[in-house]
Structure formats: C-alpha cells, structure tokens
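The values are calculated or read from the model by the stated rules, or taken from the named source; none is laboratory data. Please read these numbers as outputs of a predicted model, since none were measured by experiment. Cβ: placed from backbone, ideal geometry, glycine included. Neighbour counts: every protein chain shown.
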C-alpha cells in the first residue's frame, strides 16, 4: 500500500524497485499545502510519470555501465526526479543515450496512457478517461518543453547534456522524441 500511496499521491516512502532504491520525498509547510500537492499529483499523475522517466535512466545505465544506478530520488512537491549513479567515464554517445532514455521512457508511458484512455473510453468512466488522456498529453508537452529549454540553455538536464555533446546528438535525440510524440498521437487517433 505504501508504494501505491507514493505513486498516486506523491507520499513519502522508500521502495526497492528492481534492485534500485527509490525515494519519494514530499515537503509541505501546512496541511493545506499537503492536500494541494496531493491533489495536483492525482490530477497530473506526476509521481508515475517522473518514476517512468527515472526508470528509463536506470535501465539504460544498467545496460551500458558496469555499475548500476544507486538511487532514484523523486521530489513530488517540486515535480522533479534524479537518478544517482557512479559515472565511470563514459563517452559522449553513451552520455547522450543515458540522457535521452528518461524522456523517451516517459513518452512511451504517456503514449500508452493516451492510447489506453482513448481506446477504453467506452469501458471506463468519462472523467477517468479524460484525466488519463489529459495527464498523458500534459506530460508529453512537458517533456518537449523541458527538452527545448535544456537544449537551448545547455543546462544539466537531459537535453542540455545532449546539446553539450554536439549538434548531431541533439538533432537525433530531438527527432526521436518528436517522432515518439507523433506515433503516440497517431496511434491514439486510430481509436477515435
């Protein structure tokens, strides 16, 4: 039950997911803020999306690096996550792949939610279908906006790291991310 509370409401908790310690951190100064944060987390499904993003990094790190990811931190009131791992002097290609894997995993998760919401709209209630579909679209847009902001400022975010690795890396990652969005939307449109 504790994991469900973390993933649905953003409640604090420490969980072991596939051998990786995942910490959900929640901060609030009043009970009103707590309720507001939890309501926002329910509506946007933020903890689930952030977890899918970070687990994308975890799986890719496990595939490319001899040392696995140590820990994932998800700060639910700030809607952010961080995968902590021991960097073993990777090259630019591996850095770009690891950085791209988080946004990519969240796009896959968001696309599946959008397709499911549209395909199952006759079997689930309309408010649930709208909430799932809207949450998916919001997170697709969020990943695209974060990618643009990171790439243009070359910050320490996923696409900022990719941009620092070169224009070719950025072009490939950008095309792949936009392609994922297009595939998700077109697949969902098949059920309309």
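The C-beta contact set for the range 123-141 (first residue without any contact (Cβ under 8 Å) to a residue 12 or more places away in the chain and in the same structural domain as residue 180 (by TED's automatic domain parsing), second residue surrounded by fewer than 13 Cβ atoms within 10 Å (Cβ to Cβ) and assigned to a helix (DSSP H, G or I), distance under 9 angstrom, 6+ apart or interchain) comprises 134/43. When the range 151-176 is filtered for residues that are more than 15 Å from the chain's Cα centre (by Cα), part of a helix (DSSP H, G or I) and surrounded by 16 or more Cβ atoms within 10 Å (Cβ to Cβ), the ones remaining, listed by number, are 151, 160, 161, 162, 163, 164, 169, 170, 173, 174.
Tell me whether the range 66-74 contains one or more residues that are touching a helix residue (DSSP H, G or I) at 6+ places or on another chain (Cβ under 8 Å) and assigned to a helix (DSSP H, G or I). Within the range 66-74, none of the residues are touching a helix residue (DSSP H, G or I) at 6+ places or on another chain (Cβ under 8 Å) and assigned to a helix (DSSP H, G or I). Evaluation of residue 81 against the conditions (1) in a helix (DSSP H, G or I); (2) in contact with a strand residue (DSSP E or B) (Cβ under 6 Å, 6 or more places away or on another chain) shows that the sole unmet condition is (1). When each of 70, 21 is tested for being touching a residue at least 40 places away in the same chain (Cβ under 8 Å), loosely packed, with under 14 Cβ neighbours inside 10 Å and in contact with a strand residue (DSSP E or B) (Cβ under 8 Å, 6 or more places away or on another chain), the lone residue that passes is 70.
Scanning the range 1-16 for residues that are in contact with a helix residue (DSSP H, G or I) (Cβ under 7 Å, 6 or more places away or on another chain) and either in contact (Cβ under 8 Å) with a residue 24 or more places away in the chain or farther than 18 Å from residue 50 by Cα (or both) yields a total of 6. Of everything in the range 37-63 that is over 17 Å from residue 109 (Cβ atoms), at pLDDT 85 or above and crowded, with 16+ Cβ neighbours inside 10 Å, the residue that is farthest from the chain's Cα centre (by Cα) is 62. State whether the residues of the range 25-32 include one that is within 21 Å of residue 103 (Cβ to Cβ) and over 16 Å from the mean Cα position of the chain (by Cα). The answer is no; no qualifying residue exists. If you check residue 99 against the conditions, is it assigned by TED's automatic domain parsing to the domain that holds residue 131, modelled with pLDDT of 85 or more and touching a helix residue (DSSP H, G or I) at 6+ places or on another chain (Cβ under 8 Å)? Considered against the rule, which asks whether it is assigned by TED's automatic domain parsing to the domain that holds residue 131, modelled with pLDDT of 85 or more and touching a helix residue (DSSP H, G or I) at 6+ places or on another chain (Cβ under 8 Å), residue 99 comes out as yes.
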